[in-house]
1. Could you work out how much longer the chain between Leu187 and Ala115 gets when fully extended? Use 0.36 nm per residue separation minus the Cα distance between them, nm to one decimal.
2. What ranking, highest mean first, results for peptides 153-162, 100-109, 60-69, 80-89 when packing means the other Cβ atoms within 10 Å averaged over each residue?
3. Name the shape class, rounded, prolate or oblate, that the alpha-carbon gyration tensor gives for segment 76-191, where a ≥ b ≥ c are the square roots of its eigenvalues, rounded holds for a/c under 1.5, and otherwise prolate holds if a/b is larger than b/c and oblate otherwise.
4. Below 11 angstrom from the Cβ of Gln151, what's the summed charge of the other residues (Lys, Arg +1; Asp, Glu -1)?
5. Please give the Cα centre distance for segment 108-134 versus segment 70-90, rounded to the nearest Å.
6. Between Ala196 and Val134, with labels modelled 7 Å along Cα→Cβ, what's the label distance in nm to one decimal, could you check?
7. Which ³J(HN,Hα) values, rounded to whole Hz and listed in residue order, are derived for segment 105-110 from phi using the Karplus coefficients 6.51, -1.76 and 1.60 in 6.51 cos²θ - 1.76 cosθ + 1.60 with θ = phi - 60°, glycine and proline given as x?
Amino acid sequence: MSCRGALLFLDCHVERSETSPINLWDERKNSSLILRFAQNDSMGKMKRLTHIDSDGRAQMVDVSAKPLSERRAVARGKIRLQRETLDLMARDQIAKGNVFATARIAGIQAAKQTAQLIPLCHVLPLGQVNIDIVGSKDGAEVKCTAQTIAQTGVEMEALVGVTVALLTIYDMCKAVDKHMIVSDVQLFEKTKRAVAGHDRRSGKTPRA
């Protein structure tokens with residue numbers, strides 16, 4: 001499998017043994033091939049893709065039987081900016097307004113909309129989303145921390161939050177900086193902890 005492309009729009013294809021590319025979007029034609037690619041790993045290096053069913057079709061994972069857990073995820077990313085752009089930001093002279101303040105709000109809003117953006121994500125009751133932005137001599141680093149009590153992880157919310165915050169910085173500055181580079185978007189940390197007092201058998205947390 002090879003992937004080429006930018007941060008959000010990837011040019012990806014799976015190659016057959018004779019190296020001819022297949023169209024991943026032709027579900028009926030390629031479902032069996034995708035399923036073999038996802039599941040038939042003779043070396044045991046790849047886990048089964050849970051978002052693909054036994055027929056090779058996309059599915060939403062059923063987490064209803066899983067117990068509630070405290071979930072936390074941290075994602076990070078960077079944007080390279082010209083020195084002149086950073087100077088304009090420091091003097092609050094970017095025409096669209098305060099860049100970092102706008103990016104923080106955008107990242108928080110985006111994290112809350114993750115299930116609407118990523119089709120197979122679950123809707124999670126986010127307890128907290130923080131966007132931290134630190135400037136440097138050649139750009140800025142953005143960190144998104146997301147927390148919830150749920151039956152599945154919150155890493156996609158953290159990744160969406162940091163990505164949209166970075167893209168907002170890009171949008172705010174694109175009129176004055178033609179050399180910006182968004183890079184190194186990655187999941188930095190993911191944790192899970194059992195909820196105190198949660199009944200794993202019934203799936204319920206007693207009320208106080």
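Readers should treat all values here as calculations from the given coordinates under stated rules, not as data from a laboratory. None of these values were measured; they are calculated from a predicted model. Glycine also receives a Cβ, built like all others from the backbone with ideal geometry; neighbour counts cover every protein chain displayed.
1. Working: separation 72, 0.36 × 72 = 25.92 nm, distance 1.77 nm.
So the extension gain works out to 24.1 nm.
2. Numbers: 153-162: 26.4, 100-109: 18.9, 60-69: 12.5, 80-89: 16.9.
The most tightly packed comes first, giving 153-162, 100-109, 80-89, 60-69.
3. Working: a/c = 2.41, a/b = 2.17, b/c = 1.11.
Because a/c hits 1.5 or more and a/b exceeds b/c, segment 76-191 counts as prolate.
4. Details: positive: Lys66, Arg71, Lys192; negative: Asp62.
Within the 11 Å Cβ shell, the charges total +2.
5. 18
6. Taking the simple label geometry, Ala196 and Val134 are separated by 3.1 nm.
7. Per residue, the Karplus-derived 3J(HN,Hα) values read 5, 4, x, 5, 4, 5 Hz.
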